[in-house]
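Below: one structure, written as structure tokens.
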């Protein structure tokens, strides 16, 4: 078949087929040495359509070549599945950005509440570590699973929390502490007893997923600048309702505690 006939059968443009040839993705069955005309066989139709679908999914050329060159069907499936996972992660990041932008463009200031709270000294069981921001979620899940396994519901006296050093956000790596208040704190393996000192904090509640929790952080920070004096110290998060409590993200509630030095008993 001529390149025009092949283009008609595959629903691909002649320009696209030439680009596939130049990129080493789909070699014509024959090329006339005198005219340079390309000719294709019917057996190449499925390959052309596969390449087209992969490129529609933004699979890099290197990976397309690897998929086409793989003789093992399982190997081809694994390569495609890997790219689909990356696409899903990218879609999740896009969705999170859209949610944040909607909140920023339509701020519901009337629904935003801040409470000044004095926290007493507390003894909790905790897992601590130096973590990169990229690995923070995975590290948190593992640490919380360890705490839950060691201390059952009957032993817990409150919701879990996390304490994060400022460097985790400013430098991309820093100290993380995940903790639970329990009736009788005991050290086991990685789990240690941590004394949380008393602190004054400005507290706001973030509702839903953490995709746009940075918006709540920003509003709380602006409130602190206006009404109090920020103290250099770790920010606490208390997970009043989380994925372990409800499978519905709309039900999740996270308390953010920003350390402050009070300038007045009651802010305006």
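The values are calculated or read from the model by the stated rules, or taken from the named source; none is laboratory data. Just so we're clear, the structure is a prediction, and the values are computed from it rather than from any experiment. Note: ideal-geometry Cβ built from the backbone for every residue, glycine included; neighbour counts use all protein chains shown.
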ask   = Which residues, taken from the range 64-83, are within 24 Å of residue 19 (Cα to Cα) and either assigned to a helix (DSSP H, G or I) or touching a strand residue (DSSP E or B) at 6+ places or on another chain (Cβ under 7 Å) (or both)?
value = 64, 65, 66, 67, 68, 69, 76, 79, 80, 83
ask   = Any idea which of (1) at pLDDT below 90; (2) farther than 18 Å from residue 254 by Cα is the one residue 182 doesn't satisfy?
value = (1)
query = Yes or no: residue 117 more than 22 Å from the chain's Cα centre (by Cα), loosely packed, with under 14 Cβ neighbours inside 10 Å, assigned to a strand (DSSP E or B) and at pLDDT 75 or above?
reply = yes
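Which of the residues that make up the range 10-37 are in a helix (DSSP H, G or I) and closer than 25 Å to residue 70 by Cα?
10, 16, 17, 18, 19, 20, 21, 22
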query = Of (1) surrounded by 15 or more Cβ atoms within 10 Å (Cβ to Cβ); (2) over 28 Å from the mean Cα position of the chain (by Cα), residue 178 satisfies all except one. Which?
reply = (2)
